[in-house]
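**Student:** So that we are looking at the same thing, I have put the structure below in structure tokens.
Just so it is clear, none of the values below were taken in a lab; they were calculated from the coordinates. Every value quoted in this text rests on a predicted model; they were computed, and no experiment measured them. Backbone-built Cβ (ideal geometry, glycine too); neighbour counts: all protein chains shown.
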Amino acid sequence: MWKRAGAELLGTALMVAVGCGSIGYGASTAVVCLSFGVAVTIAILIFGPISGAHINPAVSIAFYRHGNLEKNAVLPYVCAQIIGALIAAVAISGAGPTTISTGYSYTSAFIIEVFITFVLMANILWIISKSENRIIVSSWIGGCVAILAFLFGPATGASMNPARTIGPNLISELYSSIPFYILSTIIGAWLAAELFLKIGYQEKISDDIKNR
């Protein structure tokens, strides 16, 4: 379990450092979204064989609901992911916190975060049931993250990931928005797992992605 948790810590740290770090360097929206997508792709390629490279507490919780993560692994995964995000956030001085843009109500922003996390989790469950090629799987998921971030980042920051928000927001002392992103992203991922269970979409998970 320590090895798997360590992989989740490093993978999440990589994602936050590269993605949020690009925001800190003043990169364009397109470059920021690409940075997150590439970081997720690389994290899955490197750490997928070890832990599944969830690098996202909402994803780990949804995988538990879907039956692809054992109960006693949920807490170690989530803790490791949050610690990894915090370490990365400290290293980049809290760059890239997640915030709701002016003009969006909490209700509309909440719906957006639930929706995009649902779409991300649905794509994860779909691709890992269709392909055992780690390059295809990682590229698909990374591409999904990049596209969703590009489309919805200007509205809510496109968190889709409690750890991605907790790290930078804690360091930036933007505490009040953290519960909002935790709840919305977990609901979105959980709903995707529920849907896939309801429709019986629970095919064999790739050995490279399924947790051991």
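**Student:** Ranking request for peptides 3-16, 68-81: highest mean number of other beta-carbon atoms within 10 Å first, then the rest in descending order.
**Tutor:** 3-16, 68-81
**Student:** Taking Cα pairs under 8 Å and at least six residues apart, what relative contact order does the stretch 1-114 come out at, in percent?
**Tutor:** 39
**Student:** Out of Gly52, Ala158, Ser138, whose Cα points farthest toward the positive end of the dipole of the chain (charges: +1 Lys, Arg; -1 Asp, Glu; placed on Cβ)?
**Tutor:** With unit charges placed on the Cβ atoms, the residue in question is Gly52.
**Student:** Could you give the length gained by full extension between Glu70 and Ile178, i.e. 0.36 nm per residue of separation minus their alpha carbon distance, to one decimal place?
**Tutor:** Gain in length upon complete extension: 36.2 nm.
**Student:** In addition: Among the lysines in the chain, how many pairs, 8 or more places apart or on different chains, have alpha carbons under 19 Å apart?
**Tutor:** So the count of such lysine pairs works out to 6.
**Student:** Still on this structure: State the extension gain, in nm to one decimal, for the chain segment bounded by Leu197 and Glu132, taking 0.36 nm per residue of separation less the distance between their alpha-carbons.
**Tutor:** 21.4 nm
**Student:** Let me ask something else about it. Could you tell me the distance between the Cα centroids of the stretch 1-52 and the stretch 83-109, to the nearest Å?
**Tutor:** Spelled out, the Cα-based centre of one part sits 15 Å from the other.
**Student:** Still on this structure: Which FRET efficiency value, to the nearest 0.05, is calculated for Ser105 and Ala27 with the Förster distance at 30 angstrom and r the Cβ-Cβ distance?
**Tutor:** FRET efficiency, Ser105 to Ala27: 0.60.
**Student:** Note down the relative contact order for the chain as a percent, whole number, built from C-alpha pairs under 8 angstrom at least six residues apart.
**Tutor:** Relative CO of the chain lands at 33 percent.
**Student:** Here is a follow-up. Rounding to the nearest 20 debye, state how big the charge dipole of the stretch 1-154 is about its Cα centre with +1 on each Lys and Arg Cβ and -1 on each Asp and Glu Cβ.
**Tutor:** 220
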